[in-house]
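Here is the structure we will look at.
Nothing in this text is a laboratory measurement; each read-out follows from the coordinates by a stated rule. None of these values were measured; they are calculated from a predicted model. Cβ coordinates were reconstructed from backbone atoms using ideal geometry, including for glycine residues, and neighbour counts include every protein chain displayed.
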Amino acid sequence: MPDSIQNGTILQPNPHAGGRVPPPIIMPAELQDIGGNAPGGNQGPGQNSLLIDDDVSLSGPSTGLNGTPQTSPPYPGGDVQPTAPGTDFINTVPGMMPYPGQIPPNNRFGWRQQGNDWYYLDPDNGTMVKGWKEIGNLWYYLDPVTGIMATGWIKTGGLWYYLDPQDGHMLTGWNYIGGEWFYLETDNRNGQMVTGWKLHKGNWYFLFENGAMAHGGWVKVDEKWYCFRDPDGGMEASKIIPYKGKNYYVGEDGAMVVNTTGSQLTVAYHGVTYEVDEDGVCTAVHTAAPPNADINLWREYILNNGNISNVRKEIILEAFETIEQGCVYHQLRNTEKKETPNKCLTNCDGERNAAQVGNYNFGSMGSYKAEDPLYLDCSYFVKHCYWKAGIDIKASNTDGLMKERDLSEIEKEELKTADIAVRYGHTMIFVGFTSGGEMVWAEMANHKEDGKVSSYTPTNNFKYKKYRSLD
């Protein structure tokens with residue numbers, strides 16, 4: 001996404017996608033199809049090969065190259081066409097490997113080591129193999145002049161390959177090499193490094209000319225902007241992408257939508273209609289509330305609604321997060337014996353917090369001024385969500401909220417996101433009106449069950465209130 005605009009041209013802030021480099025352990029397991037064992041079982045070839053042929057290099061792809069990506073509508077790119085490793089075999093060249101003395105007959109075939117270098121002798125005739133060779137369902141590359149097994153990056157036939165630094169077999173699939181992710185073709189175990197667009201298991205990826213996967217930022221390809229997730233590198237599509245306080249929309253093909261027509265251009269996402277300008281900036285012009293009390297729909301609606309203040313957003317988003325925490329927030333109070341029961345009242349599958357064992361004591365267990373509070377009743381739930389937004393409500397219970405001077409009473413029709421409803425014994429936070437006019441509430445359900453977001457009209461005993469400093 002542009003950091004600046006000059007003469008109507010969006011400038012790319014980072015030609016290699018930006019963002020932090022993902023560590024190897026965080027790549028999704030389904031992307032890891034690295035395979036293979038060392039030749040000959042546990043004792044494999046070494047890694048100190050040297051290649052001298054002009055067609056082969058161990059230096060690896062340059063990290064400073066800029067790509068020349070490919071696209072083809074309606075979706076970007078396509079699979080890179082494979083070339084079999086065997087196309088430039090220099091195989092079974094006559095002559096034995098340069099080894100002092102006579103090679104013992106019983107040690108003539110297969111893998112042999114001389115110093116730090118490994119060679120492979122043809123099992124049929126004992127000749128030293130050169131070029132590509134498939135051994136035990138794995139591919140290896142033996143130097144076309146010396147026969148020494150190669151490791152690391154090699155370039156042959158105009159294509160890059162990566163050979164395991166430990167045992168020399170050709171790697172395929174996703175591999176984390178030198179701090180970047182690379183995709184090495186898996187079709188027919190071809191192994192060549194992929195550049196440009198790659199469709200893998202339903203997700204599009206982009207790999208620069210140096211083979212490194214784009215991730216964690218925006219990349220400009222053929223004069224169009226695309227956004228790639230961090231850390232997995234998947235291309236975003238059909239959604240609003242917030243960036244530096246502004247919203248941008250990427251379409252079904254992943255390209256950022258830009259208004260080039262000169263007339264009004266709008267896009268719709270999760271019930272919000274946005275007007276798109278010539279730089280791709282999306283401004284909400286109409287917002288339709290979700291049709292029900294689905295917490296995920298309301299989160300998206302609130303995040304993308306420019307008519308809701310940041311403070312109100314912070315309060316209600318904290319309410320959602322608190323409710324979704326689950327067992328940590330369960331009401332473990334036994335209202336008859338005034339002590340903590342042996343299990344959550346909602347019989348959840350979560351583990352109990354050790355601090356909740358023993359007699360219930362609100363004075364020591366109840367604290368709303370904590371990132372992850374141990375105990376929240378309904379009033380402390382409201383106080384906690386407001387406290388996270390920088391507002392410390394003085395009242396300590398529902399009775400106090402009924403009399404709190406910083407809370408002014410309002411009519412039902414005046415309710416906005418993050419206002420509250422309160423009666424003696426219970427209080428809850430207003431989420432909003434659905435598209436059908438139903439009221440949606442976030443609440444800690446009065447000591448009997450977990451927090452929830454649901455739609456209903458409160459009884460006449462409730463009063464609707466807003467905090468005076470809110471807009």
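What FRET efficiency would be calculated for the residue pair residue 325, residue 125, taking the C-beta separation as r and a Förster radius of 51 Å, to the nearest 0.05?
Values: r = 69 Å, r/R0 = 1.36.
Efficiency for this residue pair is about 0.15.
Going by amide H atoms built from the backbone, whose H comes under 5 Å of the H on residue 254, apart from near neighbours?
238
Within straight cross-link reach of residue 394, meaning Cα distance under 19 Å, which lysines are found once same-chain residues fewer than 8 apart are removed?
Partners found: 369, 383, 403, 463, 465, 466.
If packing is taken as the average number of other Cβ atoms within 10 Å across a peptide's residues, how do 145-153, 432-440 rank, most packed first?
Numbers: 145-153: 22.3, 432-440: 16.6.
Those peptides, ordered most packed to least, come out 145-153, 432-440.
Would any residue of segment 226-251 have its amide N under 18 Å from a label point 7 Å out along Cα→Cβ of residue 275? List them or say none.
246-249
Can you list the lysines whose alpha carbon is less than 21 Å from that of residue 201, not counting same-chain residues fewer than 8 positions off?
Once the sequence-local lysines are set aside, what remains near residue 201 is 239.
Report the Cα centroid-to-centroid distance between segment 124-168 and segment 379-416 in angstrom, as an integer.
Spelled out, the Cα-based centre of one part sits 72 Å from the other.
Expected output is a single nm value to one decimal: the length gained when fully extending between residue 460 and residue 396, i.e. 0.36 nm times separation in residues minus the C-alpha distance. What is it? Each step should come with its number before you reach the end.
On the way: separation 64, 0.36 × 64 = 23.04 nm, distance 2.30 nm.
Additional length available on full extension: 20.7 nm.
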